[in-house]
Amino acid sequence: MRGSPTLCPVPGQFFVDERVLESIYTFLVTRPLTTSPAGQRILARLRALGPFLEGSLTVSTKRCGRPTCRCATEGPLHETALLTWKEDGTTRTLHVPIALREDVAAWVDEAKRLKQLSHEMSMAQRAFLIAQRRQRAR
Ligand SMILES: [Zn+2]
């Protein structure tokens with residue numbers, strides 16, 4: 001790099017004034033906490049979540065309707081996987097292909113985890129709020 005060797009002696013490296021670093025540090029250390037250690041642990045678990053999908057996955061069996069198919073007489077029946085969920089008060093369904101069944105099951109499980117963690121986070125924040133109020137009352 002040409003032009004400003006005193007500001008940027010090594011490409012990609014830059015210098016920050018020590019006073020700036022100190023004020024950033026002071027900001028991070030003295031910043032009021034917005035959650036408790038318990039809340040931070042819940043947040044860490046939330047960050048670790050994978051893709052999620054609200055609803056439930058059900059696997060049912062059915063006859064395909066073709067009179068020549070094995071399922072019409074002896075079986076076995078055909079398995080079909082459905083995702084069901086509520087939307088504006090009505091139950092909606094979506095067919096889930098076999099190739100995606102395990103993935104969708106994992107997404108549904110993850111959505112349950114999200115709901116549980118959301119509940120736990122709310123409890124932690126309420127407890128945090130109560131603790132803050134007590135501290136300020138002193
Ligand atoms: Zn059939």
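Only the coordinates and a few stated rules stand behind these numbers; no lab work does. This is a predicted model, so every value here is computed, not measured. In this analysis, Cβ positions are derived from the backbone assuming ideal geometry, glycine residues included, and neighbour counts consider all displayed protein chains.
Observations, loosely collected:
- Elements of type strands (runs of 3 or more DSSP E) in the range 34-138, at least 2 residues being of a type in the set (D, E, K, R): 78-87
- Answer residue from the range 57-79, given it is loosely packed, with under 13 Cβ neighbours inside 10 Å and within 30 Å of LYS112 (Cα to Cα) and is farthest from the ligand (Cβ to nearest atom) among those: THR58
- Restricting the range 39-56 to residues that are surrounded by 12 or more Cβ atoms within 10 Å (Cβ to Cβ) and of a type in the set (A, V, I, L, M, F, W, C), the residue that is nearest to the ligand (Cβ to nearest atom): LEU53
- Unmet criterion (only one of (1) part of a loop (DSSP other than H, G, I, E, B); (2) away from the ligand (no atom under 16 Å from the Cβ)) for GLU22: (1)
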